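J.: First, the structure itself, so that you have it in front of you.
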Amino acid sequence: MASRRHVIADDLRGQIATGRIKAGERLPSEAQLAARYTVSTPTLRNALALLQAEGLVEKVHGKGNFVRHPLRRITYVGGGRTPENAALHVSIRTTKLRARGHLSTWLRVPAGSLLTEFLCLSHDGTSPHSLARVYIPRDLAPADAPGESTWPNGAAAMLTKLHPPLAEVREKVCARLPTPMEATTLRISSTLAVLEVTRVVTDTTGRIVEAALLVLPGDRADAVFTTHPTTEERTAKG
């Protein structure tokens, strides 16, 4: 027998699917919904959490629960290239800092080295869509970084002009739960898995010129990696 939270979630899901509750519409308050379904507030919140994890409902702090508009999917393309969806708008916050702890180890620089952090938050309309933290040695960062851009412009575009040229882009992809800060910033459920892409870019001298952490909510993200066989591999298979 289905639990009460699943029964409630199924009913609300059906109303959303049939258009009885429309995209962008605010749901009744949690107290009103709990009374309507004759359940406790915690049970009602558990039902809403299921819909939030599916990306159907978004909880906005201080305003309530809203039916999400259909989510625009974002495709991360491997090799250090940025997501394909050019329609996303990106706000960029720039911070100057010194390498400490994991940043010093990550970029292989002495503690105290000057870095520039680019905190990039993409939006689909007014909804947060993805989050990235990009770290670049201070001497490679532009004097005046843009505060806003249209994806894929931004910090990554600067790296194509580096001398010596780039030699390697190393990426690690994993799925995990968001941190509290990520869940709040992206307005997602803490139970929704995110796709984490850790990227390290090295130039031909072996210097790390970029380290980046990208967080893409799992309900709207795909990652595509394309490999081209070498001449030797094609010959061996032939």
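Taken together, the values in this text are just the output of simple stated rules run on the coordinates, not laboratory data. This is a predicted model, so every value here is computed, not measured. FYI the Cβ positions are ideal-geometry reconstructions off the backbone, even for glycines, and counts take in every protein chain you see.
J.: Residues of segment 1-41 with amide nitrogen under 16 Å from the 7 Å Cα-to-Cβ point of residue 191?
T.: 2-13, 40-41
J.: Ok, one more. Could you tell me the relative contact order of segment 4-67? Use alpha-carbon pairs under 8 Å, at least six residues apart, and round to a whole percent. Walk me through the intermediate numbers first.
T.: Numbers: 62 pairs, mean separation 26.7, N = 64.
Once divided by the residue count of segment 4-67, the mean separation gives 42 percent.
J.: Would you mind computing, in nm to one decimal, how far apart the modelled labels at residue 43 and residue 228 are, each placed 7 Å from Cα along Cα→Cβ?
T.: The two pseudo-label positions are separated by 6.0 nm.
J.: Set the Förster distance to 30 Å, then compute FRET efficiency between residue 22 and residue 169 from the Cβ-Cβ distance, nearest 0.05.
T.: Efficiency, rounded to the nearest 0.05: 0.10.
J.: Right, something else. Where the only charges are on Cβ atoms (+1 Lys, Arg; -1 Asp, Glu), what is the dipole of segment 4-67 about its Cα centre, to the nearest 20 debye?
T.: Using Cβ point charges on Lys, Arg, Asp and Glu, segment 4-67 gives about 100 debye.
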